[in-house]
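The structure under discussion appears below in the form of structure tokens.
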Amino acid sequence: MKETQEQTVPVRRLRDDLAFLDIVTEWDSLSGYHQWKAAAVVPATFRPRPVERYVIAVANQKGGVGKTITSLELGLAMVARGKRVRIINADPQEASLTSWVPALYPADVAEADRYTLTDVYYERCTLAQATWSTRYEGLFVVPSHPDLATVEKEVPTGAETCLRYHLREVEDDFDVTIIDSGPSLGLLSVSGLVAAHDVVIPVQAASALDIKGAVALYATIHRVQSRMNRDLRVAAVVLTDFERSSLAREIGAEMAKAFPDALIIPARTCVDIGKAQMKQQALREFSPNATAVQDYDQGAGVLVEGRAA
Ligand SMILES: Nc1ncnc2c1ncn2[C@@H]1O[C@H](COP(=O)(O)OP(=O)(O)OP(=O)(O)O)[C@@H](O)[C@H]1O
Ligand SMILES: [Mg+2]
């Protein structure tokens, strides 16, 4: 992996006087709606993973639920905690993480050697060779190219276990790798689940249909667990675009019931996401005081350190 020092910006910790959500061990679904306060749920049974090279798959086969935002903001929050983080863009869509946070290629790297995830699946390079700097110090990406879609069609030999091999069998110096999956439960997403220690599931806080989708996702996770990755667990559900409402409350309660050992992280609505994407900036950079940034920061703290601050 080649690093570029130019044009990078440091990722700092958030001020600690911000409005973090309360942390509870159970989602309160009994008190009257008017007394109810949104809170992050950290079940008594939750433990962070004590692994050195921690791999998280962010997955949901439904499109537009906040997988990419969740991958990026959790990743940057972990960078701010001193972790060296890599995000793998496992989504062939052009409007994906790669267009939001592009790879910074060193000037002496020829076009043909600007490897992407597709090259890793076809064994034209290692994962390390397809890992590039970004504008954020400490955050690296494995970019995607639309030709990644051919992996799903052609299924190169060993594709299902390709990421697992590179992430779990090969030494490298990343503390955390986050796999941003596309909106499908095809080979690319499954290979992310096969490689991961933990799954983070974003669902739209106000879409009751997302609950049904999460059940199909659960069946896939269960299949991967029983056949290829026994220790896989759902570590967190992120309720994206969260606004306090009785529907959001009910959806959070349903998700907590479906995944009783997982964190429930409300990521509050932020109107600046589109503007940040236009400027090719993460929300954490564009709008560092946004409540959603704080929510992801808190969630990342609990995920990797077991505590929010
Ligand atoms: N906290 C939030 N506040 C406001 N809008 C949000 C929030 N989180 C997500 N969204 C909305 O959801 C949209 C989709 O987010 P994102 O691209 O991360 O989803 P995705 O699941 O990665 O999509 P795809 O399935 O296409 O990869 C954003 O452009 C934004 O409009
Ligand atoms: Mg996405």
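Could you run the Karplus curve 6.51 cos²θ - 1.76 cosθ + 1.60 with θ = phi - 60° over the stretch 246-261 and give me ³J(HN,Hα) per residue in whole Hz, x for Gly and Pro?
Rounded to whole hertz, the list is 5, 5, 4, 5, 5, 5, x, 5, 5, 5, 5, 5, 5, 10, x, 9.
Summing -39500 (n - 2.57) over the DSSP H runs of n ≥ 4 in the chain and dividing by its residue number, what mean residue ellipticity at 222 nm do you reach, to the nearest 500 deg cm²/dmol? Before the final figure, lay out the partial values.
Values: 11 runs with 102 residues, N = 309.
Calculated from helices alone, the mean residue ellipticity at 222 nm is -9500 deg cm²/dmol.
Which ³J(HN,Hα) values in Hz, rounded to whole numbers, follow from the phi angles of the stretch 180-190 under the Karplus curve 6.51 cos²θ - 1.76 cosθ + 1.60, where θ = phi - 60° and Gly and Pro get x?
For the stretch 180-190, the Karplus curve yields 8, 7, x, x, 7, 10, x, 3, 5, 5, 5 Hz.
In what order do Asp173, Asp241 fall by count of nearby beta-carbon atoms within 10 Å, going from fewest to most? Could the numbers behind the result be given before it?
Values: Asp173 9, Asp241 22.
The fewest-first ordering by Cβ neighbours comes to Asp173, Asp241.
Going by average Cβ density within 10 Å per residue, which order do the peptides 48-58, 160-170 take, highest to lowest? Don't skip to the end; give the middle numbers.
Details: 48-58: 19.5, 160-170: 17.7.
Answer by packing, highest mean first, reads 48-58, 160-170.
Can you tell which of Val199, Ala248, Thr126 lies farthest toward the positive end of the dipole of the chain, using +1 and -1 charges on the Cβ of basic and acidic side chains (Lys, Arg; Asp, Glu)?
Result: Ala248, furthest along the dipole toward the positive end.
For the stretch 204-309, calculate the relative contact order in percent as a whole number, restricting contacts to Cα pairs under 8 Å that are 6 or more residues apart.
Values: 116 pairs, mean separation 24.8, N = 106.
Result for the stretch 204-309 is 23 percent.
Per residue of the stretch 22-29, in order, report the coupling 6.51 cos²θ - 1.76 cosθ + 1.60 (Karplus, θ = phi - 60°) as ³J(HN,Hα) in whole Hz, putting x for Gly and Pro.
The phi angles translate into 5, 10, 10, 8, 9, 6, 7, 10 Hz.
Using a Cα-Cα cut-off of under 19 Å, which aspartates and glutamates could be cross-linked to Lys153, ignoring same-chain neighbours fewer than 8 residues away?
Partners found: Asp91, Glu94, Asp119, Glu123.
What residues qualify as long-range amide H neighbours of Val238, i.e. H under 5 Å apart, gap of 5 or more or another chain, H built at 1.01 Å from N?
Residues meeting the criterion, in which the H sits 1.01 Å from N, are Ile201, Val203, Ile265.
Could you calculate the contour length gain from Asn289 to Thr45, that is, 0.36 nm times the residue separation minus the distance between their Cα atoms, to one decimal place in nm? Kindly include the intermediate steps, with their values, before the conclusion.
Numbers: separation 244, 0.36 × 244 = 87.84 nm, distance 3.08 nm.
Result for the pair: 84.8 nm of gain on full extension.
Holding the Cα-Cα limit at 25 Å, pick out from Lys37/Lys257; Lys37/Lys275; Lys37/Lys279; Lys212/Lys275 the pairs that are longer than that.
Values: Lys37/Lys257 19 Å; Lys37/Lys275 29 Å; Lys37/Lys279 34 Å; Lys212/Lys275 31 Å.
With Cα atoms farther than 25 Å apart: Lys37/Lys275; Lys37/Lys279; Lys212/Lys275.
Can you check what the Kirkwood hydrodynamic radius comes to for the stretch 260-309, Cα pairs only, in Å to one decimal?
Working: mean 1/r = 0.0860 Å⁻¹.
Answer for the stretch 260-309: a Kirkwood hydrodynamic radius of 11.6 Å.
Working from the pairwise distances between different alpha carbons, so that the mean of 1/r is found and then inverted, what is the chain's Kirkwood radius in Å? Please list the in-between numbers first.
Numbers: mean 1/r = 0.0517 Å⁻¹.
Evaluated on the chain, it is 19.4 Å.
Read-outs throughout are calculated quantities, based only on the coordinates presented, and are distinct from any laboratory measurement. Predicted, not measured: the structure shown is a model, and the values here were computed from it. As a convention, Cβ positions derive from the backbone with ideal geometry for all residues, glycine included, and neighbour counts pool all protein chains shown.
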